[in-house]
1. Let me confirm something: among L68, L140, L61, L105, which residue is under 18 Å from L192 (Cβ atoms) and open to solvent by 20 Å² or more (accessible area, probe 1.4 Å)?
2. Assess whether L61 counts as being of a type in the set (A, V, I, L, M, F, W, C) and in a helix (DSSP H, G or I).
3. Got at least one residue in segment 173-181 being open to solvent by 70 Å² or more (accessible area, probe 1.4 Å) and either closer than 30 Å to E159 by Cα or at pLDDT 95 or above (or both)?
4. Go through the residues of segment 89-108 one by one and say whether even a single one is in a loop (DSSP other than H, G, I, E, B) and on the phi > 0 side of the Ramachandran plot.
5. Please identify the pairs in which a residue from segment 125-149 that is at pLDDT below 90 and in a helix (DSSP H, G or I) has its Cβ atom under 9 Å from the Cβ atom of a residue that is of a type outside the set (A, V, I, L, M, F, W, C) and open to solvent by 50 Å² or more (accessible area, probe 1.4 Å), counting only partners at least 6 apart or on another chain.
6. Could you figure out which of (1) aliphatic (A, V, I, L, M); (2) under 25 Å from H225 (Cα atoms); (3) surrounded by fewer than 19 Cβ atoms within 10 Å (Cβ to Cβ); (4) at pLDDT below 95 isn't true of M77?
7. Within segment 458-575, considering only helices (runs of 4 or more DSSP H) that don't extend past its boundaries, which have at least 2 residues that are within 23 Å of Y436 (Cα to Cα)?
Amino acid sequence: MHLKAEENSWIVKSLNKMKIFSESHKTVFVVDHCPYMAESCRQHVEFDMLVKNRTQGIIPLAPISKSLWTCSVESSMEYCRIMYDIFPFKKLVNFIVSDSGAHVLNSWTQEDQNLQELMAALAAVGPPNPRADPECCSILHGLVAAVETLCKITEYQHEARTLLMENAERVGNRGRIICITNAKSDSHVRMLEDCVQETIHEHNKLAANSDHLMQIQKCELVLIHTYPVGEDSLVSDRPKKELSPVLTSEVHSVRAGRHLATKLNILVQQHFDLASTTITNIPMKEEQHANTSANYDVELLHHKDAHVDFLKSGDTHLGGSSREGSFKETITLKWCTPRTNNIVFSSISELHYCTGAYRISPVDVNSRPSSCLTNFLLNGRSVLLEQPRKSGSKVISHMLSSHGGEIFLHVLSSSRSILEDPPSISEGCGGRVTDYRITDFGEFMRENRLTPFLDPRYKIDGSLEIPLERAKDQLEKHTRYWPMIISQTTIFNMQAVVPLASVIVKESLTEEDVLNCQKTIYNLVDMERKNDPLPISTVGTRGKGPKRDEQYRIMWNELETLVRAHINNSEKHQRVLECLMACRSKPPEEEERKKRGRKREDKEDKSEKAVKDYEPEKSWQDSERLKGILERGKEELAEAEIIKDSPDSPEPPNKKPLVEMDETPPVEKSKGPVSLLSLWSNRINTANSRKHQEFAGRLNSVNNRAELYQHLKEENGMETTENGKASRQ
C-alpha cells in the first residue's frame, strides 16, 4: 500500500507537469523557398548614408530593397529570438524550408535550439533561385513535413512518459505550425488547410501503432500570406476558426518588410502570453557630446505575470501602443538612478521583497539605447523602476537585474509588508474614507457564517442541494445591494426601513413578510406627508444640503433599487415592488401640495435673502434721514440768531408760548458726528422753547444780547455802536 501511494503521488506530479505541453511547446516554421519568394518587397532602404561628406561629381548609390524571402527569414528569426530570450527551455522550434522538397533545418533536441544553429542552416540553404521552375516547387512539401515533425517526441515529453509508465497516454501532444508563403487566392488557402487536416488524420493513425510517435491532439495552423508593398492582396484575413476537433486555422494577409516583422512580433506576444514594459527617462551620454546626456526609452517584452499586480489594482499606467499596430498596450515604468554597483550591498532600506522574476527581451535589440541598457545590467548593475505618478510619493514596483548572464525583471511588493502591523479599519481606504458601516458589516458577517450542515436538503427539482453552493447563493443575495459607506446610503441609516431590508433578501417571502414590507412603505409615505427629516449625509456639500422633497426622492430611488435587486426571487417580491411603485405615484392633490410646499420654501429663502440685502440699505437710509434732520436744525438755528444782547442786565427767564407739536424741530449747530441722544435732546428743547410768547428784547437782540434803556442813552447823548455797546459823542 505504501508503494502504491508513492506511485500515485508521482503520477499526480507528472500530470501537473504535463500542463506545460500546450500548443506553445512545439512550434514549426514552414517558410516558402519557391522562385516567387525572390521577388522584391518594394520597401526601399537607403544604402548610401554619407550625404553630407559626399564629394561633388560622385553619383550616390541607389536604394536597395529586400526580397520576400529575406523579409520572411528576418521576421521568423526575430520571433525565435524573443522566444529563446524569455523561454530558453521547454519551448522548442523546428525550422522547415519548402521548395521542390522539404528541408528540415534542426530537430527537437535542446542542442539545436539556438539562433546560431538556425542562421547557419539558413545560410547553407541560400536565397531562392528566381530562374527555377515554379511548377516543381510547392509549400505542401513543408506542411506535410511539419505534421510529421509534430508527431515526434521531444525530450520533455519522453521524460514525462517515462515517469507515468503505464499512464503514458496522458501526456499531451499539441503544437503550432506557422507557414509564411505567397498564396494565390482564398481557394488556395483552403486547399492548404485541407492538406494539413488530411495529413494529421493519416499520421495520427501511424502514431497510434508506434512507440516513437505521438498522436497530435491539437494543432494550430497560422497561415501568413505576404506580398510586395504597393500591390493588392489576393487573400482575405480570417480569425481563428475550428476546422476539426484537432485543427484550428487562422489567416493573416500582411505586406512584406516592416509590416511582416510587426505581425510576427504581435503573434509571439499572443502565442506565449507576453506583455510589454517601456522603461522611460534612461540617462545616456551622447556620442557627439561626452559631457551631456539625454533621456531615452527602451521597450522590453516579458511574461504577462509581471503585470499581475497592475491588473489586480486596475492601475495600468498605459503609455500607448508599444509599436506600430501592436497587439498589446505597453506599461510605462520610470528609471531610478542606481546608487551602488550591486543591489546586495545597498542599504537595508533599498532591499525589497520580490514576488517574481521574469526573463526579458528587448523589442529593438539592435538599437543603441537597448544595447547600452543590456550592457549596463550585464556588468552587475541593478536598476529600480517606479510607477509614474502625478502626485504623491513614488512607488517602486519593479527591478532590473542580471543573474548568470541573463537579465530578469523582478516584481517587487509595493503593498503593505506582512511584517508591518495590519491597518486599522478606521484609517479607511488610502486614509480618505472613514465612514464605513462597521457595525452593519459585523452584523452581516454574523448572518452569513458557515456552520456544519448535516441534514441533506433537496431542491425543488429533486436534486441534492450542496451546502457550500447554498451558502454562496445566500451571500450573493445579501450583497446585491449593500453600500459600504454611511454617506452613500439613506435607507440603511433609517430605523423605519429595517423591517423591509431584513426580509427582502430572503429567497421566498411569507404573507406576514409581505404585510410587514407594505407597512414599512406606508410608514415612509406618512413620514413624507408629515415632512419628517431624513438622515441625509451632508459631508462634502455646501449649505443646508438637498431640500426635503429632494431627500425623499433620493430615499425612494434607493429603496426601489434595493427591492428591484430581488424581484426575481419570488412573486411576493414582485408584490412588494408593486406596492412601492403605487405609493410613489402620488395623486394630483398630493403633487399640488408638494408644489405649494416648494413655493413656500422658495419664498422663505427669498425673504431671508431680502432681509440680508435690506440691512445695508436700511442703514444707508437712516444715515440719509439723520443728515436731513441736521440740515433743518442748522437752518432753524440760523433764523434764531437775530436777538441783540447787553452786558448791563441779565437775560430774562424764558416764557414758552403754545405751539403745535407737529412742527419740525430745529437742531443745534454741531461739529463732527452727532449722537442719537443729542439729536433727540435738541428736538425736545426746540419744541419746548416754542410753547410761550417770546420776549421782545430777545427777538430784537444781536447775538442773544438786547440793549436796555435806549431812551436814557438818547437823552444823555449816547449812541450805540455796531456791537450794541454805548459810546459817547
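The values are calculated or read from the model by the stated rules, or taken from the named source; none is laboratory data. These numbers were taken from a predicted model, which means no experiment stands behind them. Cβ placement follows ideal geometry from the backbone for every residue including glycine, while neighbour counts extend to all protein chains displayed. Heads up: the accessible areas ignore ligands, DNA and RNA and are worked out on the full protein's heavy atoms, side chains in. Shrake-Rupley method; radii C 1.70, N 1.55, O 1.52, S 1.80 Å.
1. L140
2. Taking the combined requirement at face value, the residue does not satisfy it.
3. Taking every residue of segment 173-181 in turn, at least one turns out to be open to solvent by 70 Å² or more (accessible area, probe 1.4 Å) and either closer than 30 Å to E159 by Cα or at pLDDT 95 or above (or both).
4. Within segment 89-108 (the criterion being in a loop (DSSP other than H, G, I, E, B) and on the phi > 0 side of the Ramachandran plot), the answer is yes, since at least one residue qualifies.
5. Pairs that qualify, where the first residue is at pLDDT below 90 and in a helix (DSSP H, G or I) and the partner is of a type outside the set (A, V, I, L, M, F, W, C) and open to solvent by 50 Å² or more (accessible area, probe 1.4 Å), are P134/Y36; C136/S100.
6. Every listed condition holds for M77 apart from (4).
7. 467-478, 498-503, 548-564
So that you can scan it fast, the table gives a plain yes or no per residue for (1) out of contact with any Phe, Trp or Tyr (no Cβ under 6 Å at 6 or more places or on another chain); (2) closer than 17 Å to L223 by Cα; (3) of a type in the set (A, V, I, L, M):
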| position | (1), (2), (3) |
| --- | --- |
| C151 | yes, no, no |
| A160 | yes, no, yes |
| G175 | yes, yes, no |
| D186 | yes, yes, no |
| E193 | yes, yes, no |
